[in-house]
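Here you go, one structure.
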Amino acid sequence: MAIATAQHLPLDPEGRPDNLQDIEISRDQLLEWYRRIALIRRVEELAAKAYTQRKILGFCHLYIGQEAVAVGAIAALRDEDTVVTAYRDHGQAIARGVSPRAVMAELFGRRDGVTHGIGGSMHMGSAAHNFFGGFGIVGGHVPLAAGAAFASKYRGDGTVALCFFGDGAAQQGAFFEALALAQLWKLPCVFLCENNYYAMGTSLERQSFLTDMSRRGDGVGMRRWQFGGFDVADVYRNVKAAVDHARSGQGPVILEAVTYRYRGHSMSDPAKYRKEGELESFKAKDALKSAARRLIEEHQVDQDTLSRIKDEIEVIAQDAYTFAGASPEPDPAHLYDYTYAGTTSDSSGEI
C-alpha cells in the first residue's frame with residue numbers, strides 16, 4: 001500500500017534575490033552542463049546494471065533525477081572551494097571533475113577507484129578536487145562543512161564551502177548545531193538541501209511540519225530561500241547568488257533545491273511507497289529535457305548536436321564500465337591505510 005503522497009510543492013519566493021536573471025549563462029556553459037548531466041545519468045544507469053550483476057556490492061545510492069542540482073551548484077564554485085556531501089555522491093563527484101573511470105572503479109571496489117577501492121559507493125572523497133564525501137551518517141557531515149568554512153575564514157583565503165544534504169538530514173541535531181555556529185561566526189558556507197521528497201521511504205510531509213527546508217535557517221537568522229532543482233540554469237543562478245553572498249563576508253546561506261530521485265533510496269529499495277503516476281509526473285521536469293529545451297530555444301542548438309553529445313557520452317560511460325571491470329583488486333596490505341595514523345604505505349593516491 002502506498003504510504004506517502006509527494007506533491008508538487010509551490011515554491012516560496014521569500015528571500016530569493018530579485019536579480020537572478022541578470023546572471024548570464026553562455027551557450028558553451030549550457031552545452032557543458034548538458035554533457036555533465038548526460039554523463040552522470042549514463043554512468044548511474046550502468047552502475048544500476050552492474051549492481052544487478054553483483055559487480056557492485058553493498059549500498060549503492062543512485063543520483064538519477066537530481067543531476068541538475070549537482071551540475072548547476074558546482075558550476076557556481078571555484079576549483080579551490082570545498083564541496084562536502086553525504087552518501088548519494090557519485091553524480092556530485094563527476095560534477096566536481098572526478099573521472100567516470102575513477103568513480104566506476106570505486107563502485108566496483110577496485111584499486112583504480114577514486115579512493116582505491118577502500119570507500120566504495122558511499123565514500124567518493126578526492127582531496128585533489130576539494131571534494132569531501134560522501135559520509136554515511138545522516139547529517140553528520142554538515143558540521144564538517146562548517147569546519148571547512150571556519151578554516152577558510154581563519155586563513156582569509158576567500159574560499160567557500162558548499163554542503164549538500166537531504167531533507168532527512170535537516171532533522172538531525174548536528175545539522176542545527178552547524179547552522180547556529182555558521183551564522184554566529186558569519187562563516188563562508190552555503191548549505192544546500194536537495195529535497196527529493198523522501199528520507200529513505202518516509203515522505204516529506206510525514207517527517208516535517210515545514211516542507212521548505214530553507215526555513216531551518218530562520219531560527220538562527222540565516223539568509224535563506226527555496227528554488228526548483230530541475231533546470232540546471234536555475235540551479236546555477238540561485239547557488240551562484242548564495243556563493244557570492246557567502247564569499248563577500250556577509251555570512252552563510254541555506255538553500256533548498258526541490259528535486260526528485262527516480263530510483264529508490266538505494267538499489268535495494270523498490271520504492272513502492274510512491275503514489276501511482278507520481279514518478280512519471282516528475283519525469284516531465286527531467287533535467288536533460290530541460291537543458292535540451294533551453295539549448296534549442298535560447299541558443300539554436302540543433303537536435304543532431306545533442307544526439308552527437310549523447311553518442312560521445314555513451315562511449316565515455318562504457319569505457320568507464322570496462323575500465324572498472326579490468327581494474328585490479330585492492331592490495332590487502334593497504335587495508336588499514338587512512339584508518340590509523342602513520343600506517344599509510346603509499347602517499348601518492350588521491351585520498
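Computed from the coordinates by the stated procedures, all read-outs in this text should not be read as laboratory data. All values reported here derive from a predicted model rather than from experimental measurement. Don't worry about glycine lacking a Cβ; one is built from the backbone with ideal geometry, like all the others, and counts go over all protein chains shown.
Mind checking region 178-242 for chymotrypsin sites (Phe, Trp or Tyr not before Pro) that DSSP puts in a loop (not H, G, I, E or B) and that have at most 10 other Cβ atoms within 10 Å?
Phe209
Starting from region 116-225, pick out the trypsin sites (Lys or Arg not before Pro) whose DSSP state is loop and whose Cβ has at most 15 other Cβ atoms within 10 Å. Mind dumping the intermediate values first?
On the way: sites: Lys153, Arg155, Lys186, Arg206, Arg215, Arg216, Arg223, Arg224; in loops: Lys186.
For trypsin sites (Lys or Arg not before Pro) across region 116-225 that sit outside H, G, I, E and B with at most 15 neighbouring Cβ atoms in 10 Å, the list reads Lys186.
Report the net charge of residues surrounding Pro10, where surrounding means a beta-carbon distance below 15 angstrom and charges are Lys +1, Arg +1, Asp -1, Glu -1.
Residues close to Pro10 contribute a combined charge of -2.
On to the next question. Assign unit charges at the C-beta atoms only (+1 for Lys and Arg, -1 for Asp and Glu), then state the dipole size of region 19-163 relative to its Cα centre in Debye, rounded to the nearest 20.
580 debye
To continue, here is another question. Return the whole-Å distance between the Cα centroid of region 39-103 and the Cα centroid of region 143-221.
Between the Cα centres of region 39-103 and region 143-221 lies a distance of 20 Å.
Treating the beta-carbon of each Lys and Arg as +1 and of each Asp and Glu as -1, no other charges, what is the dipole magnitude of region 127-207 about its Cα centre, to the nearest 20 debye?
Numbers: 4 positive and 5 negative charges, 48 e Å.
Dipole size: approximately 220 debye.
Let me ask something additional. Using the Cα centre of the chain as origin and beta-carbon charges of +1 (Lys, Arg) and -1 (Asp, Glu), tell me which of Val83, Tyr51, Ile23 is placed farthest towards the positive end of the dipole.
The one lying farthest along the dipole's positive direction is Tyr51.
If you don't mind, another one. Based on Cβ point charges of +1 for Lys and Arg and -1 for Asp and Glu, what charge dipole magnitude is obtained for the chain about its Cα centre, in debye rounded to the nearest 20?
Dipole size: approximately 500 debye.
In the chain, with Lys and Arg counted as +1 and Asp and Glu as -1 at Cβ, which of these residues, Val160, Cys189, Ala317, has the Cα nearest the positive end of the dipole, that is, farthest along it?
Of Val160, Cys189, Ala317, it is Cys189.
Could you tell me which of the pairs Lys186/Lys283; Lys49/Lys285; Lys153/Lys283; Lys49/Lys310 are separated by over 29 angstrom between their Cα atoms in the structure shown? Kindly include the intermediate steps, with their values, before the conclusion.
Numbers: Lys186/Lys283 38 Å; Lys49/Lys285 24 Å; Lys153/Lys283 41 Å; Lys49/Lys310 19 Å.
Too far apart for the 29 Å limit: Lys186/Lys283; Lys153/Lys283.
Another question, then. Could you tell me which label, among (i) 28, 25, 21; (ii) 33, 30, 19; (iii) 38, 24, 17, carries the value of semi-axes √(5λ) of the Cα gyration tensor in Å calculated for this structure?
(i)
Mind sorting Tyr340, Tyr273 by how few other Cβ atoms lie within 10 Å of their own Cβ, fewest first?
Least crowded to most crowded, the residues run Tyr340, Tyr273.
How do 74-86, 248-260, 309-321 rank on mean C-beta neighbours within 10 Å, highest first?
Packing order, densest peptide first, comes out as 248-260, 74-86, 309-321.
Something else: Measuring from a point 7 Å past the Cα of Ala48 along Cα-to-C-beta, which residues in region 255-270 have an amide N at less than 19 Å?
Residues passing the 19 Å test: 259-270.
Taking the Cα centre of region 213-316 as the origin and placing charges on Cβ (Lys, Arg +1; Asp, Glu -1), which of Ala241, Gly277, Ile254 is farthest toward the positive end of the dipole?
Ile254
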